[in-house]
Amino acid sequence: MSSIEIECVVDARAEIGEGPVWDDRENVLWWTDINGRCLHRFEPSSGKDTVFQTKIRVGCFAVREAGGLLLSAEHGIYEWTPGGPDPTHIMDIEADRADNRMNDGGCDRQGRLVASSMNLASPHQNTGACWRVDGSFHSTLLADGLQVGNGIAFSPDGTTMYLADTGAETVWSYPYDPASGDIGERSVFVDTTALAGRPDGATVDAEGGYWLAGVSGSQLYRFTPEGDLDTTIDFPVELPTRPMFGGTDLDEIYVTSIRGAADAKPLAGGLFVIRGTGFIGLPEPRFNG
């Protein structure tokens, strides 16, 4: 870790930079600015970051096996082809939770989307939930009673699901059935109350390490599969939001961030890359619909 390097590759000043996803076929990184209502496509080989206006608040998304992107936004699911018309609404998930919007998420190892939500009107209300969406666009409630659902990731073998609640400052692990997508009883994986920052987005490396952004704390953490903290990286901005392994060898970590207050640090809201950690990521699963 002595040779670690952190670089801001896009000084985007995003309102809420989130949800980075590495496309290992195109060797590009997609990410969202939720309140900016846009998606970014960053091409490391050229340094070009292309911005697409979406007109909706995209909390998370996945690259589709069928082509294009599947978006978890507002109260439901949308499909979108880069460069095409506005996103097309497919289904509502939380039409009955008017104060909520979809937030963090990602695909399990079988290509089902697992996405969480949060209460926008009052973030301390436990109206957030976690949902599974399969390739036939059927939604299933996995967990309820969250303040701000975050930190969704899966172990390399797909048998453990991680889910955080930013408000509760806790990350839980769940037994996960790869065949059915059903979950078992949760257990506390990490209590983050003693750490700087609160749990936000996360990803898992090839060794099963769980990488977690400590939003409001300028930190990126790695926990072993047993829940022990073994790596802490001081981040140059206060509000990192989600890490994602990328690069042609999956040996770089891209991290999104929030711009925050008017007097925020320089580069806040930027897209960063971390090199030299010595860890390797896994290919990000594509949505199977």
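Before moving on, here are some points about what is shown:
- Scanning region 52-68 for residues that are aliphatic (A, V, I, L, M) and within 15 Å of G135 (Cβ to Cβ) returns A62, V63, A66.
- Matching residues, region 44-86, being aliphatic (A, V, I, L, M) and free of Cβ contacts under 8 Å to residues at least 60 places away in the same chain: V51, I56, V58, L69, L71, A73
- Condition check for L229: of a type in the set (A, V, I, L, M) and closer than 25 Å to I34 by Cα: no
- Number of the exception - A62 against (1) of a type in the set (A, V, I, L, M, F, W, C); (2) touching a Gly at 6+ places or on another chain (Cβ under 6 Å); (3) crowded, with 24+ Cβ neighbours inside 10 Å: (2)
- Only strands (runs of 3 or more DSSP E) whose full extent lies in region 191-246 are considered here, and the ones with at least 3 residues that are closer than 14 Å to I280 by Cα are 240-246.
- Restricting the first member to region 226-242 and to residues that are free of Cβ contacts under 8 Å to residues at least 24 places away in the same chain, and the second to residues that are assigned to a loop (DSSP other than H, G, I, E, B) and among the polar types (S, T, N, Q), the beta-carbon pairs closer than 6 Å and six or more apart or on different chains are D230/T224.
- Some residue of region 70-87 being over 17 Å from the mean Cα position of the chain (by Cα), among the β-branched types (V, I, T) and either within 25 Å of L282 (Cβ to Cβ) or surrounded by fewer than 15 Cβ atoms within 10 Å (Cβ to Cβ) (or both): yes
- Restricting region 112-134 to residues that are part of a strand (DSSP E or B) and among the aliphatic types (A, V, I, L, M), the residue that is nearest to G214 (Cα to Cα): M118
- Filtered by the rule that a residue be hydrophobic (A, V, I, L, M, F, W, C), surrounded by fewer than 18 Cβ atoms within 10 Å (Cβ to Cβ) and at pLDDT 95 or above, region 224-266 gives a lone residue, L229.
The values are calculated or read from the model by the stated rules, or taken from the named source; none is laboratory data. Model, not experiment: these values are computed from the prediction. Because the Cβ atoms are built from the backbone with ideal geometry, glycine has one as well, and the counts that use them run over all protein chains shown.
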